[in-house]
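Chemist: Here it is: the structure, laid out below.
The values are calculated or read from the model by the stated rules, or taken from the named source; none is laboratory data. As the structure is a computational prediction, the values presented were derived from the model and not from experiment. We place every Cβ from the backbone using ideal geometry, glycine too, and count neighbours over all the protein chains shown. Surface accessibility is based on the protein's heavy atoms, side chains included, excluding ligands, DNA and RNA. Shrake-Rupley method; radii C 1.70, N 1.55, O 1.52, S 1.80 Å.
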Amino acid sequence: QGATNIEELAQRLKTCTIRRTKTEVMKDLPPVSVVPIPAKISLTEYHKVERNVREAILALNPSSKGYWIHVLDRMNYLRSAVGKAKVGAAIEWAIDFLESQPPLVKLVIYAHHKDVVKKLVEKLAWETGVLVIDGGTKAKDRDVISQLFQADDKHRVIVISAAGSIGIDLFGVGGVEASNVLFVELEWRPSDFVQIWGRLHRLGQSSAVTAWIMGALGTIDEYMMAR
């Protein structure tokens, strides 16, 4: 039915709710916590792509050279489709997260495909300051952008692709906390996840890192999450 009297509810809960920050419970936390986020999305467009991918794979000759490479290439169309479909859920989650945190707590968002990165940046630009590091970002600019994210009080979000997963630091400095990364899109290899959250979990990080991994129900995400 929804909720009513929100302000009164918040006031009443103040007397019986304990909120602990990461800093307070640091000694009890693992260095990196991985938290799955099941997401319900519209599957209409995804199912169309799924049918085309299935037909394309069945048309391949299993005995041909490079068969599995071609299969993987077709399956990547599914990754792209589900990535686009998750943008709305990711935006909603990111905004809820930021609104629940102090102003100097920031969020890193990871996406694989350029069009998904673009959609995330466009949508979030209306809500909060956003930086981006993707394949189109010049090498000389990556350090400048990452250092801006680490220290300033304006840009609470940075969206990165694989181009932002190496050679830069994204943990907060000077009172800024950046210890949360949201994976909007998934990668095949576990080592890729480690490399990405490694931008936060490195020397200089003062907080435990949380990797939030968004998986869309009823899609290839479930298969990739299981792997």
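Chemist: In a Gaussian network model over the chain where Cα atoms closer than 10 Å are linked, find which of HIS155, HIS70, HIS47 has the largest mean-square fluctuation.
Modeler: HIS70
Chemist: Based on the Cβ-Cβ distance of ARG54 and VAL194, what FRET efficiency does E = 1/(1 + (r/R0)^6) give at R0 = 35 Å, to the nearest 0.05?
Modeler: 0.65
Chemist: Of LEU124, LEU217, LEU203, which has the largest mean-square fluctuation in a 10 Å C-alpha GNM of the chain?
Modeler: Result for the chain, Cα springs under 10 Å: LEU203 fluctuates most.
Chemist: Provide, for region 1-120, the number of lysine pairs with alpha carbons under 19 Å apart, each pair being eight or more places apart or on different chains.
Modeler: Count of close lysine pairs: 13.
Chemist: Related question: Quick check: at a probe of 1.4 Å, how many percent of the accessible area of the chain sits on carbon and sulfur atoms?
Modeler: The computed percentage sits at 56.
Chemist: For region 82-100 and region 1-21, what is the separation of their C-alpha centers, rounded to whole Å?
Modeler: Here the answer is 23 Å between Cα centres.
Chemist: Using a Gaussian network for the chain with springs between C-alpha atoms less than 10 Å apart, which of these wobbles most: ASP134, ASP96, ASP28?
Modeler: Result: ASP28 has the largest fluctuation of those listed.
Chemist: So, one more: Residues of region 72-227: accessible area per residue at 1.4 Å, in Å²?
Modeler: Result: 46 Å² of accessible area for each residue.
Chemist: Once the whole set of protein chains is in place, how much accessible area is left on LEU60, using a 1.4 Å probe, in Å² to the nearest 10?
Modeler: Counting only protein heavy atoms, LEU60 exposes about 40 Å² to solvent.
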